[in-house]
1. Surrounded by fewer than 19 Cβ atoms within 10 Å (Cβ to Cβ) and out of contact with any Cys (no Cβ under 7 Å at 6 or more places or on another chain): which single residue out of Leu545, Leu512, Leu521 fits that description?
2. Kindly indicate which of Ala120, Ala125, Ala179 is outside the structural domain of Pro515 (by TED's automatic domain parsing) and modelled with pLDDT of 95 or more.
3. Residue under question is Ala26, and the condition is that it be of a type in the set (A, V, I, L, M, F, W, C) and either buried (at least 16 other Cβ atoms within 10 Å of the Cβ) or touching an Asp or Glu at 6+ places or on another chain (Cβ under 7 Å) (or both); does it hold?
4. Filter the stretch 250-289 down to the residues that are among the hydrophobic types (A, V, I, L, M, F, W, C) and in a strand (DSSP E or B) and list them by number.
5. Among all residue pairs at least 6 apart or on different chains, which show Cβ distances below 9 Å where the first residue, located in the stretch 422-434, is within 9 Å of Ala377 (Cα to Cα) and the second is of a type in the set (Asp, Glu)?
6. Just to be sure I understand, how many residues within the stretch 302-318 are assigned to a loop (DSSP other than H, G, I, E, B), more than 16 Å from the chain's Cα centre (by Cα) and touching a residue at least 60 places away in the same chain (Cβ under 8 Å)?
7. Check the stretch 27-46 and report whether any residue there is within 20 Å of Glu114 (Cβ to Cβ), acidic (Asp, Glu), at pLDDT 90 or above and in contact with a helix residue (DSSP H, G or I) (Cβ under 7 Å, 6 or more places away or on another chain).
8. Taking the stretch 1-47, which residues are among the charged types (D, E, K, R) and touching a residue at least 60 places away in the same chain (Cβ under 8 Å)?
Amino acid sequence: MVTVARVLVDSPLPQLDRPFDYAVPAPLQDDVVQGIRVKVPLRTAGRLVEAYVLEVVTTATPERPLSEVDSVVSPVVVLPDALFALARRVADRAAGSAVDILRLVIPKRMVRAEKTWLAADPPPAPDVAPEHLVWAHGILDAYPGLREALSAGERLALDAPPSPSPDRPWGRWAEVLAAMAVERLAAGRSAVLVVPDHRDQSQVLAALAERVPDAAVVRDDARRSGPERYATYLRLLHPVPCIVVGNRSTVYAPAHDVGLVALWDDGDPLLAEPLSPGVHARDAALVRQEDEASALVFAGHSRTTDVERLVHLGWVRAIGTARRESPRVVLSGTQEGAVRGQRVPSAAFAAAREALTHGPVLVQVSRPGYAPVLVCADCRTPARCPHCAGPLHARHAGAAPECGWCGRSHPHWKCANCSSERLRMASSGSERTADELGRAFPNTRVIVSDGAHPVAELDNRPALVIATRGAEPIVPGGYSAVLLLDGDKMLLAEQLRIGEACLRWWSNAAALAAPGAPVHLVGVTGPVSRALATWTQPAYARAELADRTPLHMPPVVRVATVEGTTAAVTAALARVRAEVPALASTAVLGPVPVAEGAVRALVRFEYAHGRAVAEALRAEVIADALRGRRAARGAGRPPRGGTPTTLRVRLDVPELDL
């Protein structure tokens with residue numbers, strides 16, 4: 001009899017995304033257990049690689065000799081069964097590798113942090129004080145049936161309260177998430193809270209700090225050092241419930257007995273994973289909920305078409321407060337008598353002036369900088385860099401135009417269309433808006449918050465706060481007025497989901513207003529403005545779905561991109577058509593050239609065909625990688641490290657972008 005370890009090799013090569021058998025030598029018989037990291041020889045690479053032990057079995061003498069496990073990297077079990085099962089399902093759904101998912105979740109080993117953790121006392125069982133549980137129940141009871149739905153492990157779409165906390169620097173939405181987590185922790189189960197960025201994470205952590213012991217809250221994000229991340233991961237593996245708060249990869253956190261996974265603002269692009277296989281946190285959460293039967297909550301001030309589709313199918317249940325709340329939204333610049341094209345209409349200006357007498361005013365703009373877009377003053381042709389054709393912008397009034405791509409300055413710029421040397425500012429960024437409004441409101445504090453000048457929170461003294469979308473500071477009690485500028489320019493972006501994105505940006509900004517404070521949306525008409533004014537974001541999402549259904553646009557259907565050489569893409573499309581004959585004749589768009597020697601195609605398919613399409617594309621990715629390896633050997637190149645595939649596949653892309 002031979003003891004065999006079945007391992008998953010930590011390699012980016014798609015053909016290695018399967019279990020491999022290695023014999024366990026006698027000296028390691030007691031050390032090699034399921035879930036640990038080991039080093040094994042990889043013959044094709046001619047070197048040792050790390051691997052995860054998936055299973056240890058005792059079998060009869062194998063038909064062929066097996067290589068032996070070389071060494072144990074660490075005795076700590078870092079890959080629980082549930083985590084591998086989740087990674088495998090998510091990767092298969094996205095035609096990717098399970099190890100790519102695990103690489104997002106399991107940090108690199110840090111020896112000192114591991115020794116410190118093993119020598120320390122285990123974390124204590126969390127204890128939720130009765131008064132804190134009463135607080136949580138009081139918040140959750142505003143949503144009829146929410147507590148029962150959490151206990152039953154339902155899938156929910158929750159409309160968050162659109163207002164800030166009256167005396168704390170966080171939104172009331174953070175209190176709702178914290179209350180759900182506290183309720184689950186009191187029931188002896190863990191909660192996983194996934195938020196887009198560190199600003200949202202800070203609000204949730206602050207809301208939890210007053211209700212839960214520090215030892216029961218785990219912060220999980222990439223901004224922490226390597227030893228901190230590894231120590232955090234070891235804490236999650238301990239069989240003691242906790243509340244995990246982190247960013248997109250936190251959705252895979254292997255916490256003990258998870259009773260709740262909650263995603264805040266799933267429409268935020270930061271929740272879309274850019275690394276292979278590119279699985280959105282929302283999709284990973286849906287897969288996880290099926291495996292664990294935990295409660296799943298999608299919360300937000302607006303609702304994405306993706307979640308609304310699930311609500312329409314009955315897969316997710318919408319839940320709201322017993323008493324509906326909404327901000328006081330005013331559509332400025334669209335009333336009779338208003339000056340068309342005026343950036344700050346008189347009604348919005350008057351509201352800001354009155355609000356500044358007793359509190360801060362938020363002004364949301366579309367772009368950072370001073371003048372992010374310059375055009376020819378005579379023919380209105382966009383100003384481009386003569387060296388790289390990049391867009392020109394101005395850092396401040398009177399400054400020479402600079403290229404946004406190569407950074408070159410062009411003090412003697414000349415229009416390529418009409419030879420004019422005069423430039424005109426076609427748009428105002430956050431800094432120029434601050435200059436203009438600062439002159440209009442003398443003796444008033446002016447604060448700019450954007451990517452270059454981030455401001456997390458402010459006091460409630462009077463001030464003009466100029467912020468780009470998503471960078472709005474938090475004010476305890478809320479802003480006295482909110483002005484949403486440049487909405488017409490935001491809607492001009494050539495994107496399928498731009499209306500949905502604008503509604504999300506404006507809804508999140510409107511939710512920062514104090515109760516009863518005016519929110520002025522300037523110069524925007526149509527369905528998006530009506531949805532904001534009436535606070536009926538789910539209705540807008542339903543209308544969007546209805547419009548996309550006859551056009552077969554996502555998320556009504558799933559979309560995969562297939563990119564690579566012409567031969568590789570052609571072979572992949574042929575395999576998909578052969579293995580999924582039920583695909584419509586219009587399912588494939590392209591291929592079209594995207595770069596020298598590369599083409600791209602789109603495959604649209606129904607959700608029912610998702611598994612078959614993913615399997616076909618994955619099989620072709622592996623076949624293409626093997627063909628590349630054989631070609632490298634034929635050319636006399638050493639096989640060390642393998643040959644990467646020339647075919648790239650990504651499923652569930654949000655846009656039809658050829």
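1. On the way: Leu512 fails: surrounded by fewer than 19 Cβ atoms within 10 Å (Cβ to Cβ); Leu521 fails: surrounded by fewer than 19 Cβ atoms within 10 Å (Cβ to Cβ).
Exactly one of Leu545, Leu512, Leu521 is surrounded by fewer than 19 Cβ atoms within 10 Å (Cβ to Cβ) and out of contact with any Cys (no Cβ under 7 Å at 6 or more places or on another chain), namely Leu545.
2. On the way: Ala120 fails: modelled with pLDDT of 95 or more; Ala125 fails: modelled with pLDDT of 95 or more.
Going through Ala120, Ala125, Ala179 in turn, just one is outside the structural domain of Pro515 (by TED's automatic domain parsing) and modelled with pLDDT of 95 or more: Ala179.
3. Numbers: of a type in the set (A, V, I, L, M, F, W, C): yes; either buried (at least 16 other Cβ atoms within 10 Å of the Cβ) or touching an Asp or Glu at 6+ places or on another chain (Cβ under 7 Å) (or both): no.
So Ala26 fails the test.
4. Our first condition is that a residue be among the hydrophobic types (A, V, I, L, M, F, W, C); within the stretch 250-289, this holds for 251, 253, 255, 258, 260-264, 270-272, 275, 279, 281, 284-287.
Within the stretch 250-289, Val258, Leu260, Val261, Ala262, Leu263, Trp264, Ala272 meet the criteria.
5. Arg422/Asp378; Arg424/Asp378
6. Taking the stretch 302-318 as the starting set, the residues that turn out to be assigned to a loop (DSSP other than H, G, I, E, B) are 302-304, 314-316.
If we keep only those that are more than 16 Å from the chain's Cα centre (by Cα) too, we end up with 314-316.
Keeping just the survivors that are touching a residue at least 60 places away in the same chain (Cβ under 8 Å) gives 315-316.
Number satisfying all stated conditions: 2.
7. At the first step, the residues of the stretch 27-46 found to be within 20 Å of Glu114 (Cβ to Cβ) are 28, 30-39.
This time we only want the ones that are acidic (Asp, Glu), so: 30-31.
Applying the additional criterion that residues be at pLDDT 90 or above yields 31.
Filter once more, keeping what is in contact with a helix residue (DSSP H, G or I) (Cβ under 7 Å, 6 or more places away or on another chain): none.
No, the stretch 27-46 contains no residue that is within 20 Å of Glu114 (Cβ to Cβ), acidic (Asp, Glu), at pLDDT 90 or above and in contact with a helix residue (DSSP H, G or I) (Cβ under 7 Å, 6 or more places away or on another chain).
8. Quick first cut of the stretch 1-47, residues among the charged types (D, E, K, R) only: 6, 10, 17-18, 21, 30-31, 37, 39, 43, 47.
Listed by number, the residues that qualify are Asp10, Asp17, Arg37, Arg47.
The values are calculated or read from the model by the stated rules, or taken from the named source; none is laboratory data. If you're wondering where the values come from, they're calculated on a predicted model, not measured in any experiment. Every residue, glycine among them, receives a Cβ derived from its backbone with ideal geometry; neighbour counts consider all protein chains shown.
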